[in-house]
Amino acid sequence: MKTDEIINHVSAIFKREIKAYFGSPVAYVFIAIFLLLIGFFTFNISHFFEMGQADLRAFFEWHPWLYMFLVPAVAMRLWAEELRMGTIELVLTFPITPGEVIFGKFLAAWAFIGVALALTFPMVITVMYLGEPDLGPIVSGYIGSFLMAGAFLSVGSMTSALTRSQVISFILSLFICLFFILAGFPPVTAILADWAPRWLIDIVSNLSFLSHFVSMQRGVLDLRDILYFCSVICFMLFANGIILQQRRA
Amino acid sequence: MIEVKNLSKSFGPKQAVNRISFRVQKGEILGFLGPNGAGKSTSMRMITGFIPPSDGTAVIGGHDILTAPVDARRKIGYLPENAPVYPDMTVYGYLDFCAQIRGFAGSERLQRVKETIERCFLTGVEHQTVNTLSKGFKQRVCFAQSILHDPEYLILDEPTDGLDPNQKHEVRLMIRKMSAEKAIILSTHILDEVDAVCTRAIIIANGSIVADDTPEKLRARSSVHGAVSVTLGAAAADAFTACARAVPGIRQIELLETSGEALKARVFPEDADPLVAERLVTALAAADFEVKSLFVEQGRLDDVFRAITTS
Ligand SMILES: Nc1ncnc2c1ncn2[C@@H]1O[C@H](COP(=O)(O)OP(=O)(O)OP(=O)(O)O)[C@@H](O)[C@H]1O
Ligand SMILES: [Mg+2]
């Protein structure tokens, strides 16, 4: 009974948000930009064809960098818009918990990004046409990419609750996302290695989305990586809830 | 029953609501009055659980809004100030969304939404998106949302704000009709509305309750309550004063207007004696004054409101 109710509430919020995403032309522009950029980086920068390898490494390695810009743009409206229009007053006085609203909104934005990600399927067809790719790394790469997108999104959802301004939310979340990438970016860790102790570098780079995404790109689905992304999401959404509560006090 | 206990709210150093307490029973319509910034909306936001109080609490139908917020909110219909509705949704889509959140499903949901659209005079705009609606229609959509689930408790923040006179009338009728089995709190700046719908009125100023009474009793606090207003045809002020003074039970005579054609005056009785007016008519008639009109003042809520909130 209780779970039914939660599912009903989350699905009502989810449906409303999904309609809000797909009801606006911005959504289609976003998807087009995502597909264009990912194509450009994969083919023109990484020289996918010239490498002559039947795998998607050159494709997945760009995902974190693209997400860093595009996911905050998807997330920024989640709460900032509700705060600006005052609609938050009605949502939060419905007989549902803030957690259900946060989760429903998050899922809708995640599904939206999932759709954009799924539309990259021509990449898969291309490698299958070019050679005999190992499907394992492709599947795990997609799973990893989707999880990582969720982690970026949870950051964006959290910053969106901080402000009525979508632009400020975008910039804040861009910076936090940048940190989560750079912490494990080899050129950055190399600089750190000169003076910081080994254990500190390990901790910092373990915090990074990159380090956890890399092995998934290679076809290794480690439970620890999955748990890592899930805990980032939970932590950020929890923070999101606290921020919403604090804002009203 | 809605029970508000010692509700307080401060924003930093500013005390927006200061220990207000009251109860509203089913069948009552409580008018919430007060100058701008008095704390009406803030109180309502706390009662509906949107903002946490600094102190005190509200109990809605036995559920404390702080410890059982979801159960309490299930019984509430809330119309916030300025009717915040998602601008990108259609009227039907929005009400359907609210119905789903309220736990209605299948044909019952369809039925509810359709019925509410009719009741709130939204037929014809139900497939329009909210951002294309005029202010009054937007207000009606939000009002529709608040009564959709037929709640036991209704909290309405300026429900007739932005409505045309006909719609104001309809909404007041609707509120009155619903009131038998509901407890309703509504805030307003229109004092006629208090007379038209409320069974009780609370005036708050600077966050505190300064009056809590029925509209009739509040009106009785007016300084002109019970006074007799007289308009005579051309008459000498002195002659009129002398004549009126002779009537027993009269405390004071105030001349309002003494132009050539008419003489207007207000006569205050010593106590609220309904017979004073009658005796005055008799005396004036006997002295051959031409009485154009004569009535007993009920007192005006406006005056009482101003007197209470500016003192
Ligand atoms: N979030 C907030 N932060 C700081 N001060 C606030 C906040 N909300 C309300 N206030 C202050 O609390 C006081 C009461 O505001 P409230 O909106 O309750 O007034 P009101 O009685 O509804 O007025 P009105 O008739 O204009 O609607 C005002 O002085 C307002 O400035
Ligand atoms: Mg107000």
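The values are calculated or read from the model by the stated rules, or taken from the named source; none is laboratory data. These numbers come from a predicted model, not from an experiment. A quick note on method: Cβ atoms are made from the backbone with ideal geometry, for glycine too, and the neighbour counts reach across all protein chains shown. These accessible areas exclude ligands, DNA and RNA; they are computed on the full protein's heavy atoms, side chains included. Shrake-Rupley method; radii C 1.70, N 1.55, O 1.52, S 1.80 Å.
Brief remarks on what is shown
- All positions within region B:196-207 that are open to solvent by 30 Å² or more (accessible area, probe 1.4 Å), modelled with pLDDT of 90 or more and more than 16 Å from ligand 2 (Cβ to nearest atom): B:T199, B:R200
- The residue pairs whose first member lies in region A:94-106 and is in contact (Cβ under 8 Å) with a residue 60 or more places away in the chain and under 18 Å from A:T3 (Cβ atoms), whose second member is open to solvent by 10 Å² or more (accessible area, probe 1.4 Å) and of a type in the set (F, W, Y), and whose beta carbons are closer than 8 Å, counting only pairs six or more residues apart or on different chains, are A:G104/A:F14.
- Qualifying residue in region A:44-55 (condition: out of contact with any Leu (no Cβ under 9 Å at 6 or more places or on another chain) and within 14 Å of chain B (Cβ to nearest Cβ)): no
- Enumeration of residues in region A:76-135 that are within 14 Å of chain B (Cβ to nearest Cβ), over 25 Å from the mean Cα position of the chain (by Cα) and part of a helix (DSSP H, G or I): A:M85, A:E89, A:L90
- Single unsatisfied condition, B:A180 versus (1) part of a helix (DSSP H, G or I); (2) touching a residue at least 60 places away in the same chain (Cβ under 8 Å); (3) open to solvent by less than 60 Å² (accessible area, probe 1.4 Å): (3)
- Any hit, region A:62-69, residues being more than 13 Å from the chain's Cα centre (by Cα), buried (at least 16 other Cβ atoms within 10 Å of the Cβ) and in contact (Cβ under 8 Å) with a residue 40 or more places away in the chain: no
- Residue check: B:G62 meets all listed conditions (1) small (G, A, S); (2) more than 16 Å from ligand 1 (Cβ to nearest atom); (3) closer than 30 Å to A:Y21 by Cβ but one, namely (3).
- B:L154 meets the conditions (1) within 16 Å of ligand 2 (Cβ to nearest atom); (2) open to solvent by less than 50 Å² (accessible area, probe 1.4 Å); (3) within 13 Å of another protein chain (Cβ to nearest Cβ) in every case but one. The failed one is (1).
- When residues in region A:20-43 are screened for being in contact with a helix residue (DSSP H, G or I) (Cβ under 6 Å, 6 or more places away or on another chain), of a type outside the set (A, V, I, L, M, F, W, C) and more than 14 Å from every other protein chain (Cβ to nearest Cβ), 1 of them pass.
- Here B:V113 fulfils each of the conditions (1) without any contact (Cβ under 8 Å) to a residue 24 or more places away in the chain; (2) within 14 Å of chain A (Cβ to nearest Cβ); (3) β-branched (V, I, T) apart from (1).
- Test: residue in region B:272-285 that is assigned to a loop (DSSP other than H, G, I, E, B) and open to solvent by 60 Å² or more (accessible area, probe 1.4 Å): yes
- Helices (runs of 4 or more DSSP H) within region B:44-139 that include 1 or more residues open to solvent by 60 Å² or more (accessible area, probe 1.4 Å): B:69-74, B:106-119
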